[in-house]
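Notes follow the structure.
Derivation of every value follows stated rules applied to the coordinates shown; laboratory data play no part. Model, not experiment: these values are computed from the prediction. No Cβ is skipped: glycine too gets one built from the backbone with ideal geometry, and neighbour counts run over all protein chains shown.
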Amino acid sequence: MNTPALFDLAGRVAVVTGGNGGIGRGIALALAEAGASVAVLGRNEEKNRRVLSELKAIGRASLAVKVDVTHRAELEPAFQKVESELGGVSILVNNAGNVSLSGGVLNEKPEDWDSVIETQLNAVFLLSKLAAKAMVTRKSGKIINIGSMYSYFGSGLIPSYSAAKGAIVQLTKSMAIELAPHNIQVNAIAPGWIETEMTAPVKTMPLNDEILARTPAGRWGQAEEVAGTAVYLASRASDFVTGTTIRVDGGYAIR
Ligand code: NDP
C-alpha cells in the first residue's frame, strides 16, 4: 500500500464555496497543498483576490469566481467557468454559510429565515446537482458538505441555522445513496466551535464560557483543524466512506 498516494490530490479539481475566508479558506489551501487545482466561489472580491494569491503561492492552478450562492442564475455559469479553466470538477465543498442571530422564532424575520435556508441548504442542493451531473459522466467524485453541532442539537437562538444544518445531514445521506453506484462519495463535516468571522461575536457573549466548559479540549478550534478531514474526504483514502458526518469538535458533542 502506498499511503501518501491515498491522500494525493494531484490532477483533481476542487470547488470550495465560501473559500475566501474562515473554514473554507483553510480547506481550499489544504486541498491545494495536497495537490488539487482549486476554485473558490465567494462574494467579496478583495477576499477572493487575497486567497487566490495564497493558492497561487502554493503553486497550483487556481481560480476565484465572484459568486453569491443565493443568486441561482450565477451558479451554472460559475461552475462552467471552473470546468473550462481548470478542468472537470472532481471535488465540491459546500461550505459557504451565514447565520441570523435572531434570538429565536419569535424574533426571526421571514427574510432572514429565507436567507439562511437559501445559503446553507438550497445552494448546497443546487451546486451538488450541477457537480453530480458532471461527476456521473466521469464516474467519480467527492461532495463534502459542512454541517455543525446544530446538525445534532436544537438552538433557541438561531433556529434557521439549526434547521438548515440538520437538513444537511439528511441531504448528505440521501445524495450518498443515490450517487454511490456512480462512484461518487458524499459526506459531511460537523465542526465544533471554530474561531472565524462568523463566530467572533460569540467570544464576547456568556455563551463563550459555556462552550469552553463543554468542550473537552477546553478551547476553540482553528479553521486549519477542519481542513485535514476535508482532505481525507476528498481523497482516495475515503473511497469506501459515504453518507457519514464526521465531527471535528474537540469532543463538544460527546457530553
Ligand atoms: P465565515 O463567516 O468566516 O465565512 C463564511 C464564508 O461563506 C465566507 O467566505 C463568505 O464569503 C461565504 N459566503 C457567505 N454567504 C455567501 C453567499 N451568499 N455566497 C457566496 N459566499 C458566501 O464563516 P465560517 O468559516 O465559520 O463558516 C464556514 C461554514 O462552516 C459555514 O457553513 C458555517 O455554517 C460552518 N460552521 C462554522 C462553525 C464555526 O464555529 N465557525 C461551526 C460549524 C459550522 P464572502 O465574505 O465573500 O461572502
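Beyond 20 Å, how much of the Cα-Cα pair distribution for the range 125-182 remains, as a whole percent?
Roughly 33 percent, rounded to a whole number.
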*Taking a threshold of 28 Å on the Cα-Cα distance, which of the pairs Lys66/Lys173; Lys56/Lys165; Lys66/Lys133 fall above it?*
Lys66/Lys173; Lys56/Lys165
*q = 0.18 Å⁻¹: log10 I(q)/I(0) that the Debye formula gives for the range 36-77, counting C-alpha atoms only*: -0.50
*Which parts of the range 49-64 would a label at Ala10 reach, counting a residue when its backbone N lies under 18 Å from a point 7 Å out along Cα-to-Cβ?*
58-62
*Per DSSP H run of at least 4 residues, take -39500 (n - 2.57); add these up for the chain, divide by its residues and hand me the 222 nm value, nearest 500 deg cm²/dmol.*
-13500 deg cm²/dmol
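Using r as the Cβ-Cβ distance of Phe153 and Lys129, and R0 as 30 Å, what FRET efficiency do you calculate, to the nearest 0.05? It would help to have the intermediate numbers written out before the result.
Values: r = 28 Å, r/R0 = 0.95.
It comes out at approximately 0.60.
Restricting attention to the range 115-223, which trypsin sites (Lys or Arg not before Pro) occupy a DSSP loop and are surrounded by at most 10 other Cβ atoms within 10 Å?
Answer in residue order: Lys139.
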_Could you give each residue of the range 34-50 its phi-based ³J(HN,Hα) in whole Hz, using Karplus coefficients 6.51, -1.76, 1.60 with θ = phi - 60°, and x for Gly or Pro?_
7, x, 7, 7, 10, 10, 9, 10, x, 8, 7, 5, 5, 5, 4, 4, 4
*If one computes P(r) from the Cα atoms of the range 4-84, what percent of pairs lie at distances over 18 Å?*
35 percent
*Can you work out D for the range 183-249 in µm² s⁻¹ from Stokes-Einstein, where Rh is the Kirkwood radius over C-alpha pairs, the temperature is 37 °C and the viscosity is 0.692 mPa s?*
246 µm²/s
*Determine ³J(HN,Hα), in whole Hz, for all residues of the range 223-239 in sequence, where each value follows from phi through the Karplus function 6.51 cos²θ - 1.76 cosθ + 1.60 and θ = phi - 60°; x replaces Gly and Pro.*
3, 4, 6, 8, 5, x, 5, 5, 4, 4, 6, 8, 9, 5, 4, 10, 5
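On alpha-carbon atoms, Rg over Rh for the chain using Kirkwood Rh?
When Rh is taken as the Kirkwood radius, the ratio is 0.95.
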_Alpha-carbon spread of the range 145-236, three principal axes, descending order, Å_ = 47, 27, 23
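Once the piece of chain linking Glu178 and Ser53 is laid out straight, how much longer is it, given 0.36 nm per residue of separation minus the C-alpha distance between them? Mind showing how you got there, number by number?
Numbers: separation 125, 0.36 × 125 = 45.00 nm, distance 3.71 nm.
Once the chain is fully extended between Glu178 and Ser53, it gains 41.3 nm.
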_If I model a spin label at His71 and Phe240 as a point 7 Å from the Cα along the Cα→Cβ vector, what separation in nanometres do I get?_
4.5 nm
